[in-house]
Amino acid sequence: MEGVNTKFFAGTEDGYLVYTDWKAEKDPESGKLVSSKPVYAISTHAGPVHCLLRSPFYNHIFMSVGGWSWSIWKEGESEILQTSRSNVKFTAASWSLTRPGVGTSRP
């Protein structure tokens, strides 16, 4: 699997965003393949993560939507931007397919 990106984001129903590597590594003591620990797991949304989207223009940029907020992330790093808590829950989001810096979320 050389040359294949095995790192990914996952959202949980508890509002956590997890960034981890799917690639298994050999344990030096036992010799067995073991999965690696998450690079990070952050409780960022006050409710389930409903949507997790990669930017169509910048494949290292992601948008997450859950609870009463949405966030923009850079792969391998933490949040770039998080909205303040809204008075409505967000359930969906979308990146613009024609304008690189435009995204939208929907209650």
Original post:
Can you give the accessible area per residue of the chain, in Å², using a 1.4 Å probe?
Top reply: 66 Å²
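Taking square-rooted eigenvalues a ≥ b ≥ c of the alpha carbon gyration tensor, is region 1-46 rounded, prolate or oblate, where a/c under 1.5 means rounded and, failing that, a/b exceeding b/c means prolate?
oblate
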Original post:
How much of the accessible area of the chain, probe 1.4 Å, is carbon plus sulfur, in whole percent?
Top reply: 52 percent
Original post:
Among 82-91, 44-53, what's the highest-first ranking by average C-beta atoms within 10 angstrom per residue?
Top reply: 44-53, 82-91
**OP:** Would you mind listing how long region 51-107 runs along its three principal axes, going by Cα atoms, in whole Å with the largest first?
**Re:** 30, 25, 15
**OP:** Any chance you could run the full-extension gain for Val39 through Phe8? It's 0.36 nm times the residue separation minus the Cα-Cα distance, nm to one decimal.
**Re:** 10.2 nm
Original post:
If r is the Cβ-Cβ distance from Asp27 to Leu97 and R0 is 41 Å, what FRET efficiency results, to the nearest 0.05?
Top reply: 0.40
**OP:** Mind ranking Asp21, Asp14 by accessible surface for me, highest first, 1.4 Å probe?
**Re:** Asp14, Asp21
Subject >> Binned Cα-Cα distances of the chain, short to long, each 10 Å bin given as a whole percent >> reply: 14, 41, 28, 12, 4, 0
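The values are calculated or read from the model by the stated rules, or taken from the named source; none is laboratory data. Keep in mind it's a predicted model, so treat the numbers as computed, not measured. FYI the Cβ positions are ideal-geometry reconstructions off the backbone, even for glycines, and counts take in every protein chain you see. Accessible surface is based on the protein model in full, side chains and every heavy atom, while ligands, DNA and RNA are left aside. Shrake-Rupley method; radii C 1.70, N 1.55, O 1.52, S 1.80 Å.
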